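What follows is a single structure, written as structure tokens, with notes after it.
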Amino acid sequence: MGDWRHLAALSWAERQLLVRAALMLVHARFTVASTGFRPAAASEPAKSSVTAEPPDLARARAIARLVAVAAARLPLRLACLHRSVVLWRLLQREGIACELRLGARRGAEALEAHAWVECGGVALGEDDAHLATFAAFAAALAPPGGTTPPDACALTPRDPRRARTVSRRN
């Protein structure tokens with residue numbers, strides 16, 4: 001019953017955003033594997049170069065919370081990449097400057113990867129201690145349709161043998 005009270009407490013705009021996030025998460029779950037990602041710029045530092053105003057950061061955090069709620073309620077197994085791509089797209093639609101980031105770490109048996117969204121250098125909806133265990137790739141990523149130079153190379157390995165060695169833990 002508590003979920004219904006929380007839903008009733010949301011504004012209509014927040015409810016619409018929650019539904020949009022849920023639909024986008026389902027779409028991302030089935031299409032991200034076939035989507036390539038490219039570096040946003042070859043010379044960007046690992047730290048976020050995007051600045052955000054305090055109202056934008058507060059709005060970005062609210063949207064990240066709604067994406068997390070939608071992801072938790074769907075009967076699908078969603079990876080951090082699905083959630084991050086959806087959050088990145090929603091923030092982009094709102095006109096909030098943000099970056100889609102990827103990082104990796106060596107796990108006990110395999111390479112582990114993680115995706116997150118940064119707004120003004122702040123990782124949205126992430127535990128700082130957990131995030132600190134990943135080394136961020138040097139460049140932010142942009143899914144197709146983002147602001148990416150056309151000559152940028154793809155970062156996603158297309159070799160299925162290599163794809164199996166990456167852990168799917170989040």
For this session: Write down the Kirkwood hydrodynamic radius of region 57-130, to one decimal in angstroms, obtained as one divided by the mean of 1/r over all alpha carbon pairs.
Result: 12.9 Å
Exercise. Among 55-67, 80-92, how do they line up from the highest to the lowest mean number of other beta-carbon atoms within 10 Å?
Worked result: 80-92, 55-67
For this session: Mind giving me the nanometre distance, one decimal, between the label points for L131 and L111, set 7 Å out from Cα along Cα→Cβ?
Result: 2.3 nm
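The numbers here are math on the coordinates, done by the rules we state, and not lab data. Bear in mind the structure is a predicted one, so any value in this text is a computation, not a measurement. Because the Cβ atoms are built from the backbone with ideal geometry, glycine has one as well, and the counts that use them run over all protein chains shown.
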